[in-house]
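Data first, discussion second: the structure below is written as structure tokens.
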Amino acid sequence: MTFNLNPRLEGDSHFVADLPLSTVRLMKDANYPWLLLIPRQQDLVEIIDLDEDDQQQLMREIALASKALRSAVNCEKLNVAALGNQVSQLHVHVIARTRDDAAWPGPVWGVVPPQAYDPAKAENLVEHLRDAFTSDDG
């Protein structure tokens, strides 16, 4: 089965890793360390479009991504959401939040324009995340 990543999701993010079900990507917004998990299956819109085993696998991968992000950045809260109002391809957001971020305590969408990462900082964060995904404790 082929998998096509939505061009907007691809353009707005950096590749981090492939997990058994999902590809993991870092959003290109330094305002908030922010991962996307996108199951590598065609024609998925909702979590319920996955079969039951894959729904459970996605939940395991969300937990793993949450742990990896929390280990990579200093955050006070993790926001997890599957919205898809602008891009219908199933994807799950895992967003690290701090009390001093631009949108706290509200949602991150539309509060401030995306801030590009310094390339070295993005590369460093991606490497730290990859390390966290491959470590024994996630």
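The values are calculated or read from the model by the stated rules, or taken from the named source; none is laboratory data. Here the structure is a predicted model, which is why all the values come from computation and not from measurement. Neighbour counts are summed over all protein chains in view; Cβ atoms, including those assigned to glycine, are modelled from backbone coordinates with ideal geometry. Areas reflect the complete protein model, heavy atoms only, side chains present, ligands, DNA and RNA absent. Shrake-Rupley method; radii C 1.70, N 1.55, O 1.52, S 1.80 Å.
Six or more apart or on different chains, Cβ atoms under 6 Å: show the pairs whose first residue is in region 47-66 and under 19 Å from PHE133 (Cβ atoms) and aromatic (Phe, Trp, Tyr) and whose second is surrounded by fewer than 17 Cβ atoms within 10 Å (Cβ to Cβ) and at pLDDT 95 or above.
Between residues of region 47-66 that are under 19 Å from PHE133 (Cβ atoms) and aromatic (Phe, Trp, Tyr) and residues that are surrounded by fewer than 17 Cβ atoms within 10 Å (Cβ to Cβ) and at pLDDT 95 or above, there is no close pair.
Check VAL111, VAL80 and return the single one that is over 19 Å from GLU10 (Cβ atoms) and loosely packed, with under 14 Cβ neighbours inside 10 Å.
Numbers: VAL80 fails: loosely packed, with under 14 Cβ neighbours inside 10 Å.
Being over 19 Å from GLU10 (Cβ atoms) and loosely packed, with under 14 Cβ neighbours inside 10 Å holds for just one of VAL111, VAL80, which is VAL111.
Out of all the residues in region 1-52, which are aromatic (Phe, Trp, Tyr) and either open to solvent by 80 Å² or more (accessible area, probe 1.4 Å) or closer than 18 Å to TYR117 by Cα (or both)?
PHE15, TYR32, TRP34
What tally of residues in region 1-46 results from selecting those that are of a type in the set (Lys, Arg) and without any contact (Cβ under 8 Å) to a residue 60 or more places away in the chain?
Counting residues in region 1-46 that are of a type in the set (Lys, Arg) and without any contact (Cβ under 8 Å) to a residue 60 or more places away in the chain gives 2.
Limited to region 67-99, what total is found for residues that are free of Cβ contacts under 8 Å to residues at least 24 places away in the same chain and among the aliphatic types (A, V, I, L, M)?
The qualifying residues number 4.
Conditions first: (1) touching a helix residue (DSSP H, G or I) at 6+ places or on another chain (Cβ under 9 Å); (2) touching a residue at least 12 places away in the same chain (Cβ under 8 Å); (3) open to solvent by 90 Å² or more (accessible area, probe 1.4 Å). ASP131 passes all but one, so which condition is the exception?
ASP131 satisfies all of (1) touching a helix residue (DSSP H, G or I) at 6+ places or on another chain (Cβ under 9 Å); (2) touching a residue at least 12 places away in the same chain (Cβ under 8 Å); (3) open to solvent by 90 Å² or more (accessible area, probe 1.4 Å) except (2).
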